[in-house]
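See below for the structure under consideration.
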Amino acid sequence: MKLFKRILALSLCLTAVIQVMGSNDSSKEDKWYHFEYEVNAGTNIGGASPLPLPAEIRHIDSFNPNLDLQIGATITKWFGPTKKWGASLGLRFETKGMDTKAQVKDYGMEIWQDGEMLDGRWTGTVKTKYATQQLVVPITGVWRANKRLKVNAGPYLSYAFKNSFDGYVYDGYLRVGDPTGEKIEFNGDSRATYDFGSNLRKFQWGMQAGISWAAYEHLMVNANLAWGCNGIFEKSFKTISFAMYPIYLNLGFGYKF
Amino acid sequence: MEKNKDMNFIKTTVILMIATLMVSCIKEEPLNSECDIITAQLPDIVLVDNTIISNNNVEFTVRYDQPWPEYAPVFTITEGATISPSNGTVRDFTQPQTYTVTSQDGKWHKTYTVRVKRQNAPEDPKDEFIYMHYNFEHVRTLTTVGRTYDVFYEIDNEGEEEWAWATANSAYALTLQGKEPQDFPTYQANEGIDGKCAVLVTRGTGSFGASVKKPMAAGNLFMGSFDPKNALQKPLEATHFGMLFNETPISFSGFYKYKSGEEYCEPDAAGKLQPIEGKRDMFNLYAVMFEPTEEMPWLDGSNVLSESNPNIICTAIIPDRHESEEWVEFSVPFEYRPGKNIDIKKLQEGLYRLAIVMSSSENGDYFCGAIGSTLQVDQLTLVCKHDKLENQ
C-alpha cells in the first residue's frame with residue numbers, strides 16, 4: 001500500500017508537470033499543438049508466474065495465455081519545439097489470463113467442499129485458470145527516436161474489478177495440514193477444486209516499456225511489455241508460498257488524432 | 001489475412017519464449033518432506049495377521065509359539081528419511097514402542113507407535129462350546145481434519161482392548177460433512193437392549209462425494225481394517241474384512257432394528273443420485289469365514305459374498321431381513337460352501353479369518369440405497385464349537 005501511494009503521488013506530480021509545462025509554454029504556437037491523442041486496442045499475451053519458478057513446480061505440462069484484449073486511450077504532451085521528449089498518461093481497460101497445467105511437489109493447497117476447507121500439501125497435477133479485468137493507468141516518458149518510432153517507459157497502476165484464480169487438482173495426493181498429515185490420494189476421476197480468487201490483489205503496480213511505430217499518418221503499431229512489481233496475491237495469503245508476477249506483452253494498433 | 005498470420009506468428013513466438021523461459025528455470029527437485037513408514041517387518045518371526053500400518057501406528061500380530069517380547073523391526077520409510085531408533089534395533093515390546101521418522105529435508109518428523117500383539121495360545125477350554133459376545137459398549141473417539149467420530153473396540157478375556165471393529169468413518173471425515181460422531185455413518189447410541197448399541201446410517205457425501213462420483217456412504221461396521229488411502233477412489237477395496245479366528249463357528253445371532261430411508265436412489269452415469277419409484281432399502285448383516293491366500297489376504301466389498309470366491313468356507317446370512325421399529329432377534333447357522341470344511345490343523349495354525357459385516361444399505365457399496373436408512377445392532381453372538389486339539 002505504501003508503494004502504491006508513492007506511485008500515485010509520482011503520477012500526480014507527473015500529470016502536474018505535464019500541465020505546467022503546457023501552460024508555461026513560452027512559444028507563440030498554440031499550446032494544444034503539443035498534445036497528441038491516441039485511441040488504441042490490442043491483445044495481451046503472457047501469464048502470472050513466480051520468478052524464478054519455485055522448486056515446488058516440477059514440470060509445466062501446458063500453458064495457454066488465452067486471447068486477452070485491451071482498449072484504451074493515451075494523451076501525450078511533447079516538450080520543446082523539437083518534440084523529442086514527452087510524457088504520456090493513459091487509461092486502458094484490459095483482460096489478462098492464463099490456463100496452466102503443472103506437476104507440483106509439496107505445493108500449498110486449500111480444497112473447498114460445501115463451504116468447508118481442507119488445507120495441506122499437494123503433490124501431483126494442478127490445473128489453474130487465472131482471469132482478471134483491470135483498469136490500468138500508465139504514466140510513461142516518451143522519446144521520439146525518429147519520425148516514425150517512439151519509445152516509452154514508465155510505471156503503471158491498475159485496479160482489478162473482476163478477479164478469478166481457480167482450478168482443480170488430480171492424479172496425486174494431499175497431505176492434510178502438513179507433510180506429516182493423513183495422505184489422501186486422488187486418482188482416476190477423483191479431483192478436488194480450489195478457488196483462490198478472493199485472495200487476489202485489487203491494486204497492482206508495475207513497469208511497462210515499449211515501442212510505437214507510425215505505419216501511416218494516423219495508424220500506430222504498438223508493442224508494450226508490462227511487468228507487475230507486486231504479486232497477484234495479497235501478502236496475507238500464505239497457501240501459495242511464493243509470489244506470482246503478472247508479465248504480459250501487449251500488441252496492438254492505435255489511431256492517432 | 002496477412003495481419004492475422006503475423007499476429008499468430010508473434011503470438012506463437014511469445015508463447016514459445018515464455019514457455020522456454022519457464023521450463024529452463026525449473027529448479028532442482030526439493031528434498032522430500034514426508035516421513036512415512038511404508039513397510040514394516042519382523043525378520044525371522046512368523047506373523048499370523050496382516051501388519052497394519054496407518055499414519056501414526058504399526059501393529060504386528062505374532063504367532064503364539066514365537067519368541068516374546070524382544071524384536072528388531074525393520075522398516076522401509078520415505079526416500080531419504082531417517083528413523084530412530086534405527087532398523088534392526090532390538091527392543092522390548094511388552095509395551096508399545098515409539099519410533100521417530102525424520103524427513104529428508106530435516107524439517108518434518110512424525111512419531112509412530114509400534115505394537116506387537118501375540119496370538120493367544122490354543123488351549124482346551126472346559127466347555128465344548130464357546131460364546132463370543134459383541135455388545136458395542138466401548139468406543140473411543142478419533143479426530144481427522146477436525147471431525148470427531150466413534151471407533152468401536154472390545155475388551156477381551158484378559159481385559160485388554162481389542163480393536164476388532166473397523167468403519168469407513170475416517171474416509172467420511174474427508175468429505176467434511178460430519179462434525180460430531182452422530183453425524184457420521186457409524187456411531188454408538190444409548191438405545192441398546194441393555195446399554196449401548198451400534199447405529200449405522202446411510203449418509204449423503206456432499207459436493208465432494210459427488211465430485212468423485214461417490215454420492216452416498218452407507219453406515220458400515222465390520223471386523224477387519226479400513227485402508228483410508230484407497231477410500232476415495234476404490235471404496236469397495238478399502239474395506240479389508242477378516243480377523244484371525246481359531247474356532248469353528250456354529251451360529252450367528254443377535255438383535256437388529258431397521259428403517260429404510262424415504263427415497264431409494266441409484267447413481268446415473270454422471271454419478272448423480274436418481275430416485276427409483278416404489279423401492280425400499282434393505283440392510284446387510286452377516287458373518288463369513290474364509291481362508292486367506294497370498295493373492296487374497298482379506299475379503300473386501302467386491303468379493304465378500306461372491307458365490308465363486310474359492311476362499312470362502314462358510315457364511316451365516318439372515319434370510320428374512322425386514323424393517324422393524326422393535327428389536328428383532330435372529331439366529332442363523334453357518335452354512336458351508338459346497339466341498340468346503342474347516343481343517344483343525346489349519347485352525348490351530350491361525351490360517352482362517354472371520355468377519356462380521358454390516359451395512360445400512362446392502363447395495364451401498366455401489367452407491368445404491370436411501371439416504372437416512374438406519375440400522376441398529378446389539379448383542380451379537382458367535383457360537384463356536386471348540387474342537388479338541390491334536391498333538392496335545
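Some points to look at:
- Between the range B:311-385 and the range B:224-288, the Cα center-to-center distance that results, in Å: 11
- Distance (nanometres) between label positions extended 7 Å along Cα→Cβ at A:Tyr37 and B:Glu307: 8.8
- A simple rule links phi to the HN-Hα coupling: the Karplus curve 6.51 cos²θ - 1.76 cosθ + 1.60 with θ = phi - 60°, which for the range A:170-186 gives 7, 6, x, 8, 10, 9, 5, x, 8, x, 9, x, 3, 9, 10, 8, 10 Hz, with x for Gly and Pro.
- Legend: residue pairs A:Lys96/A:Lys238; A:Lys84/A:Lys150; A:Lys127/A:Lys202, Cα-Cα distance threshold 19 Å; pairs beyond threshold, A:Lys96/A:Lys238; A:Lys127/A:Lys202.
- Pairwise centroid distance, computed over Cα atoms, of the range A:39-104 with the range A:167-189, Å: 34
- Vicinal HN-Hα couplings computed from phi for the range B:97-109 (Karplus, 6.51 cos²θ - 1.76 cosθ + 1.60; Hz; Gly/Pro x): 10, 9, 10, 10, 9, 10, 5, 4, 7, x, 8, 10, 8
- Shielding of A:171-182 by partner chains, average beta-carbon count, 10 Å: 5
- Taken over the range B:215-291, the alpha-carbon convex hull comes to 138 cubic angstrom per residue.
- Note on surface exposure: B:Glu263, B:Glu291, A:Glu110 rank B:Glu263, B:Glu291, A:Glu110 by accessible area, highest first, 1.4 Å probe.
- For the range B:204-228, heavy-atom accessible area (probe 1.4 Å) falls by no less than 20 Å² from the chain alone to the full protein assembly at B:Ser207, B:Phe208, B:Ser211, B:Val212, B:Lys213, B:Pro228.
- For the range B:55-95, the extents of the C-alpha atoms along the principal axes are 36, 20, 16 Å, listed from largest to smallest.
- Close lysine pairs were tallied over the range B:273-392: pairs 8 or more places apart or on different chains with Cα atoms under 26 Å apart number 6.
- Label positions at A:Cys229 and A:Glu217, each projected 7 Å from the Cα along the C-beta direction, are separated by 4.0 nm.
- Peptide A:55-65 has a mean of 3 when you count, residue by residue, the C-beta atoms of other protein chains within 10 Å of its C-beta.
- Applying 1/(1 + (r/R0)^6) with r as the Cβ-Cβ distance of B:Asp156 and A:Asp166 and R0 = 45 angstrom yields a FRET efficiency of 0.30.
- Cα-based shape type of the protein assembly as shown, given that a ≥ b ≥ c are square roots of the gyration tensor eigenvalues and the cut on a/c is 1.5: prolate
- By accessible area, using a 1.4 Å probe on protein heavy atoms only, chain A has 62% of its surface on carbon and sulfur.
- Buried accessible area, chains B and A (both chains, 1.4 Å probe, Å² to nearest 100): 3900
- Just so you know, the Rg over Rh for the range B:236-371 is 1.02, from Cα atoms, with Rh as the Kirkwood radius.
- The range B:58-172 shape via C-alpha gyration tensor axes, a/c threshold 1.5: oblate
- In this structure, the amide hydrogen of B:Phe93, modeled 1.01 Å from its nitrogen in the peptide plane, lies closer than 5 angstrom to those of B:Glu70, B:Tyr71, counting only residues at least 5 positions away or on a different chain.
- Sum of side-chain charges, B:Phe241 neighbourhood, beta-carbon under 10 Å (Lys, Arg +1; Asp, Glu -1): 0
- Sites A:Phe253 and B:Glu266 - FRET efficiency at Förster radius 60 Å, r taken between beta-carbons, to 0.05: 0.55
- Annotation for B:Glu70 and B:Asn87: the two label points, set 7 Å from Cα along the Cα-Cβ direction, are 2.2 nm apart.
- Chain B: C-alpha gyration tensor shape, a/c 1.5 cut-off, then a/b vs b/c: oblate
- The residues of the protein assembly as shown expose on average 48 square angstrom of accessible surface per residue, using a 1.4 Å probe on protein heavy atoms.
- Hits among aspartates and glutamates - C-alpha to C-alpha of B:Lys214 under 12 Å, sequence gap 8 or more where chains match: A:Asp189, B:Glu266, B:Asp268, B:Asp365
- Percent accessible area from carbon and sulfur atoms, chain B, protein chains only, probe 1.4 Å: 50
- 3J(HN,Hα) couplings calculated from phi for the range B:342-349 with the Karplus curve 6.51 cos²θ - 1.76 cosθ + 1.60 (θ = phi - 60°) are, in sequence order, 9, 8, 4, 5, 5, 4, 5, 7 Hz; Gly and Pro show x.
- For B:Lys279, the residues whose modelled amide H falls within less than 5 Å of its own, excluding neighbours fewer than 5 places apart on the same chain, are B:Tyr264.
The values are calculated or read from the model by the stated rules, or taken from the named source; none is laboratory data. Note that the structure is a prediction, hence the values are computed from the model and not measured. Cβ: placed from backbone, ideal geometry, glycine included. Neighbour counts: every protein chain shown. What goes into the accessible areas is simple: the full protein's heavy atoms, side chains included, and nothing from ligands, DNA or RNA. Shrake-Rupley method; radii C 1.70, N 1.55, O 1.52, S 1.80 Å.
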